[in-house]
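Participant: After the structure tokens below, expect a handful of questions from me.
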Amino acid sequence: DVKVTQSSRYLVKRTGEKVFLECVQDMDHENMFWYRQDPGLGLRLIYFSYDVKMKEKGDIPEGYSVSREKKERFSLILESASTNQTSMYLCASSSRAPGNTIYFGEGSWLTVV
Amino acid sequence: AQSVTQLDSHVSVSEGTPVLLRCNYSSSYSPSLFWYVQHPNKGLQLLLKYTSAATLVKGINGFEAEFKKSETSFHLTKPSAHMSDAAEYFCVVSDPPTGGYNKLIFGAGTRLAVHP
């Protein structure tokens with residue numbers, strides 16, 4: 001089974017702090033994604049990566065950056081956390097095969113106070 | 001542009017009765033369509049997907065969905081609800097792959113409640 005692991009399930013951070021959310025997948029997938037989930041808004045894509053050191057902005061990249069130094073690991077960085085970044089963050093991965101399924105981690109709940 | 005509309009934000013059924021979760025999409029292409037389920041405090045799990053093969057797609061846990069191009073719909077059904085089906089369900093449409101990446105467009109979700 002594909003496993004996408006988000007190491008931090010619940011975090012509480014202060015406004016202005018730098019926050020790292022880590023994600024690891026074990027299926028040698030080329031594509032990795034970070035989504036944000038908010039009530040009534042569904043999932044919105046923040047950033048994705050299609051290869052090591054490669055990244056593309058999603059729909060809501062402002063206030064976020066990402067890092068992909070190794071194929072299995074994709075990090076989301078909040079340079080200076082703000083209260084409007086309080087949310088559930090979901091990491092996902094997929095292969096490049098046509099009709100490919102995207103596999104999700106269990107999510108990281110971030111509260112910024 | 002691709003979009004997906006889940007017609008009900010909440011659905012409530014009794015255990016043992018049928019489930020219908022409605023989804024309409026708009027697409028300029030031949031879409032791939034997915035249903036994902038999310039249980040409380042969990043990530044999203046794939047229930048089923050349609051990728052231009054059979055229009056009736058069977059998924060896990062007894063769920064199925066029918067792709068109807070003329071109605072631009074992809075409704076999710078189950079003949080008999082179980083308490084463990086209580087969760088949030090997301091209908092998802094996918095752009096055609098570009099460079100090996102298919103961008104997913106998520107509906108806002110339907111919360112399914114199952115009563116004894």
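Here, each number is a calculation from the coordinates, and none is a lab measurement. Here the structure is a predicted model, which means the values were calculated and not measured. Methodologically, a virtual Cβ is constructed for each residue, glycine included, from the backbone with ideal geometry; neighbour enumeration extends over all protein chains shown.
Participant: Cross-link partners among lysines for residue A:70, C-alpha distance below 27 Å, same-chain residues fewer than 8 apart left out?
Facilitator: Candidates past the 8-residue exclusion: A:3, A:13, A:18, A:53, A:55, A:57, B:42, B:103.
Participant: Something else: Go through segment A:37-46 residue by residue and turn each phi into a ³J(HN,Hα) via Karplus (6.51, -1.76, 1.60, θ = phi - 60°); whole Hz please, and just put x for glycine and proline.
Facilitator: With coefficients 6.51, -1.76 and 1.60, one gets 10, 10, x, x, 10, x, 9, 10, 7, 8 Hz.
Participant: Suppose each label sits 7 Å from its Cα in the direction of the beta carbon; what would the residue B:52-residue B:77 distance come out to in nanometres?
Facilitator: 2.6
Participant: Okay, next question. Highest GNM mean-square fluctuation, chain A, Cα pairs closer than 10 Å: which of A:72, A:56, A:22?
Facilitator: Its mean-square fluctuation being the largest, the pick is A:56.
Participant: For residue B:78, list the lysines whose Cα falls under 16 Å from its own Cα; do not include residues on the same chain fewer than 8 positions away.
Facilitator: Cross-link targets: B:49, B:58.
Participant: Taking the Cβ of residue A:87 as the centre, find all other residues whose Cβ is under 13 Å away and add up their charges (Lys, Arg: +1; Asp, Glu: -1).
Facilitator: With Lys, Arg at +1 and Asp, Glu at -1, the neighbours total +2.
Participant: Let me ask something else. Around residue A:110, under 11 Å between beta carbons, what's the net of Lys plus Arg minus Asp minus Glu among the other residues?
Facilitator: +2
Participant: Please state the shape class of segment A:4-107: rounded when a/c is under 1.5, otherwise prolate if a/b exceeds b/c and oblate if not, all from the C-alpha gyration tensor.
Facilitator: prolate
Participant: I'd like the mean, over residues of A:40-53, of how many other protein chain beta carbons sit within 10 Å of each residue's own Cβ.
Facilitator: 3
Participant: Alpha carbon centre of segment B:34-101 versus segment A:1-45: separation in Å?
Facilitator: Centre-to-centre distance over Cα atoms comes out at 22 Å.
Participant: Now for a separate question. What does the charge count near residue A:44 come to, summing +1 for each Lys or Arg and -1 for each Asp or Glu among other residues with Cβ under 14 Å from its Cβ?
Facilitator: After counting each charged neighbour, the total is 0.
Participant: Quickly work out the residue A:86-to-residue A:106 label distance, labels modelled 7 Å from Cα along the C-beta direction, and quote it in nm with one decimal.
Facilitator: Result for the modelled spin labels: 2.4 nm.
Participant: As an exercise, identify the chymotrypsin sites (Phe, Trp or Tyr not before Pro) in segment B:1-99 lying in DSSP coil whose Cβ has no more than 16 other Cβ atoms within 10 Å.
Facilitator: B:29
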